[in-house]
1. Ignoring ligands, DNA and RNA, what accessible area per residue does the chain give at 1.4 Å, in Å²?
2. Assuming 0.36 nm per residue, please report the length gained on full extension of the stretch Trp87 to Asp56 beyond their Cα-Cα distance.
3. Determine the share of the chain's accessible area contributed by carbon and sulfur atoms, expressed in whole percent, with a 1.4 angstrom probe.
4. Can you figure out the FRET efficiency of Asp41 with His63, using R₀ = 25 Å and their beta-carbon distance, to the nearest 0.05?
5. Given the whole protein assembly as supplied and a 1.4 Å probe, what does the accessible area of Phe30 come to in Å², nearest 10?
6. Would you please state the base-10 log of I(q)/I(0) at q = 0.17, 0.19 1/Å for the stretch 3-104, with intensities from the Debye formula using one equal scatterer on every alpha carbon?
Amino acid sequence: MGYFEITTHCSLEYLINNEEDNLEAAQPEFYREIIEFLNSDTKIHYTYIYPRDEEDISHQVKHNAPVNSKGYKPIYIEMWSKLSDYWDENEIKKCVKILGEKFFN
C-alpha cells in the first residue's frame, strides 16, 4: 500500500516557525513547497517521495499514484490538509476517505 502521512497546516506552520533555517538549508525545494501551500487557498496538497536508489524501487506503491520523470511511483505520500486545525476521529476519517478515493478509487 505504501506509506502515507497526513499533516495539518498548523503542524506545517510549526515546522516553518521552529525549523525554518535547518529546513530551508537541508531541503530548499520541500521548504518552498510548504510555504507555497501555506500561502495558497488550496485545502489539500500531496507531496511525494520517489525512489532514491535501487533498493527503493521495490517499495513503490502498487496503487494509482503519479509517476516521476523516471517512470517511478512514489514510496511515500504526504497529504497536507487545511480541512481542520486539529485532529479528531472525524477529521482523520475524512482524510482517509479522501486518500482512498484519490489513490484507490
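1. Ligands and nucleic acids excluded, the figure is 66 Å² per residue.
2. Details: separation 31, 0.36 × 31 = 11.16 nm, distance 3.07 nm.
Using 0.36 nm per residue and subtracting the Cα-Cα distance, I get 8.1 nm.
3. Values: 3360 of 6980 Å².
Ligands and nucleic acids excluded, carbon and sulfur give 48 percent.
4. Plugging the Cβ-Cβ distance into 1/(1 + (r/R0)^6) gives 0.35.
5. 50
6. -0.88, -1.05
The values are calculated or read from the model by the stated rules, or taken from the named source; none is laboratory data. Computed from a prediction, not measured in an experiment: that's the story for all the values here. All Cβ positions, glycine included, derive from the backbone under ideal geometry; neighbour counts span all protein chains shown. Accessible surface areas use protein heavy atoms only, side chains included; no ligands, DNA or RNA. Shrake-Rupley method; radii C 1.70, N 1.55, O 1.52, S 1.80 Å.
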